[in-house]
1. Search the range 107-127 for residues that are over 14 Å from Glu16 (Cβ atoms) and pair each with any residue that is of a type in the set (S, T, N, Q) and open to solvent by less than 40 Å² (accessible area, probe 1.4 Å) when their beta-carbon atoms are under 9 Å apart and the residues are at least 6 apart or on different chains.
2. For the range 90-120, what are the residues that are at pLDDT 80 or above and either open to solvent by less than 40 Å² (accessible area, probe 1.4 Å) or part of a strand (DSSP E or B) (or both)?
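The values are calculated or read from the model by the stated rules, or taken from the named source; none is laboratory data. Predicted model, so just to flag it, every value in this text is computed and none were measured. Methodologically, a virtual Cβ is constructed for each residue, glycine included, from the backbone with ideal geometry; neighbour enumeration extends over all protein chains shown. Protein only, heavy atoms only, side chains kept; ligands, DNA and RNA dropped before computing areas. Shrake-Rupley method; radii C 1.70, N 1.55, O 1.52, S 1.80 Å.
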Amino acid sequence: MDARESRETHVTEVHEIDVAGLPTPEAQDLILRELRTLTERAAPFVAVLVMPAPEERPTGAPATDRIRALKELRPGLTAHCRGLAFVAPADIPEERAKAIHSSDALWGCPTTATQDAEAAHAWARSR
């Protein structure tokens, strides 16, 4: 392996998943699908997740389905994800805020949250 190949194997890609305009359940499902795709590549990555505004009464699949999907995804995140940066409005519900900030316990990788997309991208690049 030459020096160029060695550098390429250590590159961590930054991906943005922008679900800001979607209803919460659709946004959550899309995020899980995108993260699954990224983990299946088996290469290091960081993701910036642009989250939707909160809804009064989100509809969609029960939270237990999303939690089950996340538990199945966690080993891949632990192995390949170097961090998730959430760009979220200040007025998100407490349960969503707790999930975002739960890092390794829920996601299997470090997390951060901000209202500033540029700050999220800077954090992601630093990973």
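1. Every condition considered, the pairs that remain are Cys109/Ser103; Pro110/Ser103; Thr111/Ser102; Thr111/Ser103; Thr112/Ser103.
2. Scanning the range 90-120 gives Trp107, Gly108, Cys109, Thr111, Thr112, Ala113, Thr114, Ala120.
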